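Just below is one structure, and these are the notes that go with it.
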Amino acid sequence: MKRTPAIMLLSILIICCSFLTAAAADKTTQKWPSVVDEVIAAVKNSITMVGMKEFDGILESNAYDLIIDVREPYEFERGHVPGAINIPRGIIEFMIWEKVGFPDKTDLGKKIYIYCRTGNRTALTAATLKDLGFTNIYGVDMNFSKWRRFGYPTEK
């Protein structure tokens with residue numbers, strides 16, 4: 001008889017802990033308001049995106065003028081797509097110009113592919129370059145971890 005209240009108390013405690021754990025898990029998986037995801041989805045719909053397999057074919061055939069990795073330098077140093085240059089998203093508006101010939105013959109029609117770790121910075125960067133007047137911009141819809149895991153080429 002003395003065990004019954006203790007078992008009931010323990011059961012209630014376990015149930016409460018499981019609800020708290022579930023609530024905490026929900027808070028840690030989403031690190032920003034859902035409006036951010038909505039904006040990124042809208043931006044992805046406004047630009048031309050290519051998948052990883054298609055991008056690998058583009059790399060193999062050298063059908064590009066410029067590949068830009070918009071991750072942070074420490075991410076780039078850990079590994080990147082062969083031939084990519086690193087211009088972090090936060091400074092793309094200022095650093096892109098030397099890559100396209102400014103101030104001499106600025107070529108806004110260069111075929112530029114942009115990628116990052118998950119595709120979010122890619123979409124936002126591609127939209128920014130379009131707003132700056134670039135006309136041949138492609139975002140790579142990739143997950144860089146999967147890119148590596150699937151055996152696509154990388155270099156350091």
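The values are calculated or read from the model by the stated rules, or taken from the named source; none is laboratory data. None of these values were measured; they are calculated from a predicted model. For neighbour counting, all protein chains shown are included, and Cβ atoms are generated from backbone atoms with ideal geometry for every residue, glycine included.
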*Any residue at all in the stretch 27-46 that is over 15 Å from the mean Cα position of the chain (by Cα), among the hydroxyl-bearing types (Ser, Thr, Tyr) and at pLDDT 90 or above?*
yes
Taking the stretch 60-80 and keeping only residues that are in contact (Cβ under 8 Å) with a residue 24 or more places away in the chain and surrounded by fewer than 18 Cβ atoms within 10 Å (Cβ to Cβ), one is left with Ala63, Tyr64, Asp65, Glu75, Glu77, Arg78, Gly79
For the stretch 83-128 the number of residues that are touching a residue at least 40 places away in the same chain (Cβ under 8 Å) and either touching a Ser or Thr at 6+ places or on another chain (Cβ under 7 Å) or on the phi > 0 side of the Ramachandran plot (or both) is 5
Pairs returned, first residue in the stretch 27-52 that is in contact (Cβ under 8 Å) with a residue 60 or more places away in the chain, second residue that is hydroxyl-bearing (Ser, Thr, Tyr) and not in a helix (DSSP H, G or I), beta-carbon separation under 8 angstrom, 6 or more apart or interchain, are Ile47/Tyr138; Thr48/Tyr138; Met49/Tyr138; Val50/Tyr113; Val50/Tyr138; Met52/Tyr152
Looking at the stretch 135-147, is at least one residue within 19 Å of Ala41 (Cα to Cα), surrounded by fewer than 17 Cβ atoms within 10 Å (Cβ to Cβ) and either polar (S, T, N, Q) or without any contact (Cβ under 8 Å) to a residue 12 or more places away in the chain (or both)? yes
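May I ask you to verify whether Gly90 is assigned by TED's automatic domain parsing to the domain that holds Thr135, within 14 Å of the chain's Cα centre (by Cα) and exposed (fewer than 14 other Cβ atoms within 10 Å of the Cβ)? Spell out the reasoning first.
Values: assigned by TED's automatic domain parsing to the domain that holds Thr135: yes; within 14 Å of the chain's Cα centre (by Cα): yes; exposed (fewer than 14 other Cβ atoms within 10 Å of the Cβ): yes.
Yes: the conditions hold for Gly90.
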